[in-house]
Amino acid sequence: MANTIENEASFEAFLDRLADGLSIEDKIAANKAGADVFKQALHDATPRSDTVYKRGTVHLQDAIVEEVSPSGRVEVGFSAKSQRGHIARFQNDGWVATDRNGKRHKQVPGKHFWEKAEHASKGRIQEAVKYSLERAIVRKVGH
């Protein structure tokens, strides 16, 4: 198995030419296709409590959003409006339990649902992005 890419400079130049041929809408569509796959995997992996919240508080699963930047980048995360991101971080990473006097107790293990969603969806994300880019290239080339 090779450790390097043969003709790496020409391959990079080819990718740069290909990227120049893609519009920002094509880049957004490809990134959004991958983000949609991850968003669904994250929703499925995120723990959901049986608690019925009042006063507009949402469950972690319902607070997952995607944000598109002008550069074509699409990010998936928890909405700022829901104010659930810090809860998701504690649930994912774990925390050290402390009492009201500040005395440290046991380490509460994290559920690592974010990492599980990344691992479970990796191949499907790549396929979704590949399919979207193939459609864009076919549309540009006309085949």
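The values are calculated or read from the model by the stated rules, or taken from the named source; none is laboratory data. These numbers come from a predicted model, not from an experiment. Note: ideal-geometry Cβ built from the backbone for every residue, glycine included; neighbour counts use all protein chains shown.
At a glance:
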item: Failed condition for A97, given (1) within 25 Å of E25 (Cβ to Cβ); (2) among the small types (G, A, S); (3) in contact with a Lys or Arg (Cβ under 6 Å, 6 or more places away or on another chain); result: (1)
item: Residue ranges of strands (runs of 3 or more DSSP E) in region 46-108 with at least 1 members farther than 30 Å from L22 by Cα and more than 26 Å from the chain's Cα centre (by Cα); result: 94-98
item: Flag for D26 being part of a helix (DSSP H, G or I) and not aromatic (F, W, Y); result: yes
item: Meets criteria (at pLDDT 85 or above and in contact with a helix residue (DSSP H, G or I) (Cβ under 6 Å, 6 or more places away or on another chain)) for A63; result: no
item: Residue list for region 109-119, filter: outside any strand (DSSP E or B), without any contact (Cβ under 8 Å) to a residue 40 or more places away in the chain and on the phi < 0 side of the Ramachandran plot; result: G110, E115, H119
item: All positions within region 62-92 that are over 12 Å from W114 (Cα atoms), out of contact with any strand residue (DSSP E or B) (no Cβ under 9 Å at 6 or more places or on another chain) and among the polar types (S, T, N, Q); result: S71, Q83
item: Out of V76, V68, sole residue that is within 20 Å of F38 (Cα to Cα), hydrophobic (A, V, I, L, M, F, W, C) and loosely packed, with under 15 Cβ neighbours inside 10 Å; result: V68
item: Test for K122: is it under 16 Å from the mean Cα position of the chain (by Cα) and either free of Cβ contacts under 8 Å to residues at least 60 places away in the same chain or surrounded by 14 or more Cβ atoms within 10 Å (Cβ to Cβ) (or both); result: yes
item: Candidates S49, S132, filtered to the one that is of a type in the set (G, A, S) and surrounded by fewer than 13 Cβ atoms within 10 Å (Cβ to Cβ); result: S49
